[in-house]
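The values are calculated or read from the model by the stated rules, or taken from the named source; none is laboratory data. Worth saying up front: this structure is predicted, and the values here are computed from it rather than measured. So basically every Cβ, Gly included, is an ideal-geometry build from the backbone, and we count neighbours across all protein chains shown.
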């Protein structure tokens with residue numbers, strides 16, 4: 001694990017990479033890292049996220065600057081630019097129910113091939129997917145999701161990279177960190193090793209590649 005500036009961390013991201021980015025409507029989202037992606041003009045990205053936030057906030061800024069080729073997300077209703085680009089066929093959007101999305105990410109993080117869910121059976125969601133029947137009930141096989149890079153936001157880190165999250169930021173951020181080859185964590189504060197007691201470590205430093213000191217969530 002290295003403690004670096006955002007510029008160095010984001011230099012590890014290449015055009016065309018797949019990125020998991022944490023947060024919910026911009027809350028718990030690594031804004032400093034997103035701003036650096038825009039500054040370095042990383043483009044043709046596949047972004048895996050809960051939502052695309054708003055045009056001027058969080059992941060929405062990547063959409064507004066047309067750096068995304070595809071998004072895999074649970075909803076786009078708060079971002080008119082995402083909707084416009086999708087309608088105009090400038091952006092590919094894969095909509096996934098929120099619970100299914102996080103389970104697919106979890107599966108990718110723990111080495112499973114996918115998950116079985118009844119969500120979407122008998123609807124358009126079923127098209128092109130394998131249907132498996134267990135004890136007389138039908139399920140869809142939803143394949144696991146992994147990404148090359150995870151950009152996650154934590155409240156604090158210690159000097160070996162152990163992370164602690166604030167409130168609902170724990171919902172997507174840690175799971176995304178498990179499901180990526182390279183993990184870049186933006187944190188609000190850096191504390192001495194040992195300040196975060198073992199029972200409060202919510203993501204282990206052994207899985208973190210870079211820590212970047214960023215701003216506070218708004």
| remark: Residues of the range 101-114 being crowded, with 18+ Cβ neighbours inside 10 Å and touching a strand residue (DSSP E or B) at 6+ places or on another chain (Cβ under 6 Å), in sequence order, are 103, 104, 107
| field | One residue from 72, 47 being over 13 Å from residue 151 (Cβ atoms), within 17 Å of the chain's Cα centre (by Cα) and either in contact (Cβ under 8 Å) with a residue 60 or more places away in the chain or not in a loop (DSSP other than H, G, I, E, B) (or both) | value | 72
| note | Selection from the range 81-94 of residues more than 10 Å from residue 66 (Cα to Cα) and surrounded by 13 or more Cβ atoms within 10 Å (Cβ to Cβ) yields 83, 84, 86, 92, 93
| Restricting the range 115-128 to residues that are at negative phi and surrounded by 13 or more Cβ atoms within 10 Å (Cβ to Cβ), which is modelled with the lowest pLDDT? | 125
| Is it the case that residue 86 is free of Cβ contacts under 8 Å to residues at least 60 places away in the same chain, out of contact with any helix residue (DSSP H, G or I) (no Cβ under 7 Å at 6 or more places or on another chain), more than 20 Å from residue 28 (Cβ to Cβ) and in a helix (DSSP H, G or I)? | yes
| said: Looking only at the range 153-192, filter to residues that are part of a strand (DSSP E or B), more than 23 Å from residue 14 (Cβ to Cβ) and touching a residue at least 40 places away in the same chain (Cβ under 8 Å); which one of those is farthest from the chain's Cα centre (by Cα)? | reply: 190
| said: Looking only at the range 68-80, filter to residues that are touching a strand residue (DSSP E or B) at 6+ places or on another chain (Cβ under 7 Å) and surrounded by fewer than 21 Cβ atoms within 10 Å (Cβ to Cβ); which one of those is farthest from residue 20 (Cα to Cα)? | reply: 78
| Out of all the residues in the range 50-63, which are part of a helix (DSSP H, G or I) and in contact with a strand residue (DSSP E or B) (Cβ under 8 Å, 6 or more places away or on another chain)? | 59, 60, 62, 63
| field | Flag if residue 150 is at pLDDT below 95 and not in a loop (DSSP other than H, G, I, E, B) | value | no
